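Enquirer: My questions will all concern the structure given below.
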Amino acid sequence: MQTLEKVPRVRLINLPTPLEALPRLTKKLSGPRLWIKRDDKTGLAFGGNKARKLEYLMGDAKHKDADFIITTGSPQSNHARMTVAAANKLGMDTLLVLKGKKPRENQGNLLLDRILGADIKFADVKTYDDVHKIMAELAVEYARKGHKPYTIPVGGANYIGTFGYLNAIYEIVAQAKQLGIKTDYIVHSTSTGATQAGLVLGAKILDPNLKILGIGEGSDTVEIRQDAIKLANEAAKKLDIDISVGTKDIIIYDDRKYAGEGYGIPSKECIEAIKLLARAEGILLDPVYTSKAMVGLLDLIEKGKFAKDQNVVFLHTGGAPALFAFRKELEAQL
Ligand SMILES: *Cc1c(COP(=O)(O)O)cnc(C)c1O
């Protein structure tokens, strides 16, 4: 922790986020005791998990005297939306290079990006590696025009962003102690692997009995696991922490039943999970990430993965603004 405290960071968000009980859902499912870590309430234009990464990423940007942020994501990227909000708060400009075709409508996160005033380009290319190359070229161009650009990869997924969820483990462990509970599992949606990398590294340092379960969102989980291992080990190395994260530390459930047809495609089960949490606890999940993670959690409970006296924390990573971009799918199942 000593060294993590020395890493450049800007305070942008409301921490600690609440760790709340889910009493009605717990009763309904008659499985383990369920809790929710409300990282949908971090602040930064509707909040979400990217906010924690951005405290470190923007800290690094400031440390390097940057005044112009370039990042990427899908047109419904929560990371892109929160990055623009963070940059605005620090008086920096933002260019979003969003992957894909320009959507016909400005809806959900894209609408918020526009309100927040980002410059937006669309790159209709195959992979994020392709987008990252375009971003690097644009950074050179903007530097020539006198800006000091700082580029952030998709999802804020590098070792700096990984510090965000390493730090979050300290917060969760302290809160659990205050509540007088032992946290047995954290279940969360995993996509770039950076959130999982931080959580797993943190658990290894602080509480080796705490298990982190990632649930895939429809992307290739072999790649996510490799990336998470790399990010966790890079972050550990930068902090001189003598811990190594390997394949068996990164647990990802990539059941088709949870992830549905693929990334960004909500299944019927996801929409049911959104309705379930909304109606039992008044909390809104998102259609791309957290609802799939909830489908996974519900199935693992049903399969008897957890004992009744265990505490399972569902990490709410945010994303609810995208609900509005999936109006038709949701409406069809109300
Ligand atoms: C980005 C995102 C995730 C995945 O986080 P990673 O660190 O990329 O694995 C999960 N949930 C929501 C809502 C997100 O926006």
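Enquirer: Can you work out which of the residues in the range 159-189 that are surrounded by fewer than 23 Cβ atoms within 10 Å (Cβ to Cβ) and within 16 Å of the ligand (Cβ to nearest atom) is farthest from Lys204 (Cα to Cα)?
Expert: Tyr159
Enquirer: Turning to a different aspect of this structure: Among Lys177, Lys211, Lys238, Lys230, which is the only one that is among the charged types (D, E, K, R) and touching a helix residue (DSSP H, G or I) at 6+ places or on another chain (Cβ under 6 Å)?
Expert: Being among the charged types (D, E, K, R) and touching a helix residue (DSSP H, G or I) at 6+ places or on another chain (Cβ under 6 Å) holds for just one of Lys177, Lys211, Lys238, Lys230, which is Lys238.
Enquirer: Got a number for residues in the range 18-61 being of a type in the set (Val, Ile, Thr), without any contact (Cβ under 8 Å) to a residue 60 or more places away in the chain and touching a Phe, Trp or Tyr at 6+ places or on another chain (Cβ under 7 Å)?
Expert: 0
Enquirer: For the range 83-115, which residues satisfy the criterion of being within 21 Å of Lys53 (Cα to Cα), crowded, with 20+ Cβ neighbours inside 10 Å and in contact (Cβ under 8 Å) with a residue 60 or more places away in the chain?
Expert: Thr83, Ala86, Asn109, Leu110, Leu112
Enquirer: Which of the residues that make up the range 291-313 are in a strand (DSSP E or B) and surrounded by 24 or more Cβ atoms within 10 Å (Cβ to Cβ)?
Expert: Val312, Val313
Enquirer: OK, next. Which members of the range 203-248 meet the condition of being under 24 Å from Lys182 (Cβ atoms) and in a strand (DSSP E or B)?
Expert: Lys211, Ile212, Leu213, Gly214, Ile215
Enquirer: Between residues in the range 185-204 that are within 13 Å of Glu234 (Cβ to Cβ) and residues that are near the ligand (Cβ under 8 Å from one of its atoms) and of a type in the set (Phe, Trp, Tyr), which pairs lie under 8 Å by C-beta distance while being six or more apart or on different chains?
Expert: So the pair list comes out as Ala194/Tyr165; Ala197/Tyr165; Gly198/Tyr165.
Enquirer: Sticking with this structure for a sec: Any residue in the range 316-329 that is closer than 26 Å to Gln196 by Cα and in a helix (DSSP H, G or I) sitting within a Cβ distance under 6 Å of a residue that is within 13 Å of the ligand (Cβ to nearest atom) and among the charged types (D, E, K, R)? List the pairs, counting only those 6 or more apart or interchain.
Expert: Listed pairs, sorted by first residue: Ala320/Asp286; Ala322/Asp286.
Enquirer: Right, next: Looking at (1) aromatic (Phe, Trp, Tyr); (2) in a strand (DSSP E or B); (3) under 15 Å from the mean Cα position of the chain (by Cα), which one does Tyr56 not meet, given that it meets all the others?
Expert: The single condition Tyr56 does not satisfy is (2).
Enquirer: Still on this structure, I have one more. Is it the case that some residue within the range 255-264 is under 21 Å from Ile172 (Cα atoms), in a helix (DSSP H, G or I) and not basic (Lys, Arg)?
Expert: No.
Enquirer: Of the conditions (1) within 13 Å of the ligand (Cβ to nearest atom); (2) in contact with an Asp or Glu (Cβ under 7 Å, 6 or more places away or on another chain); (3) more than 21 Å from Asp40 (Cβ to Cβ); (4) of a type outside the set (S, T, N, Q), Lys257 clears all except one; give me its number.
Expert: (1)
Computed from the coordinates by the stated procedures, all read-outs in this text should not be read as laboratory data. All values derive from a computational prediction rather than experimental measurement. Don't worry about glycine lacking a Cβ; one is built from the backbone with ideal geometry, like all the others, and counts go over all protein chains shown.
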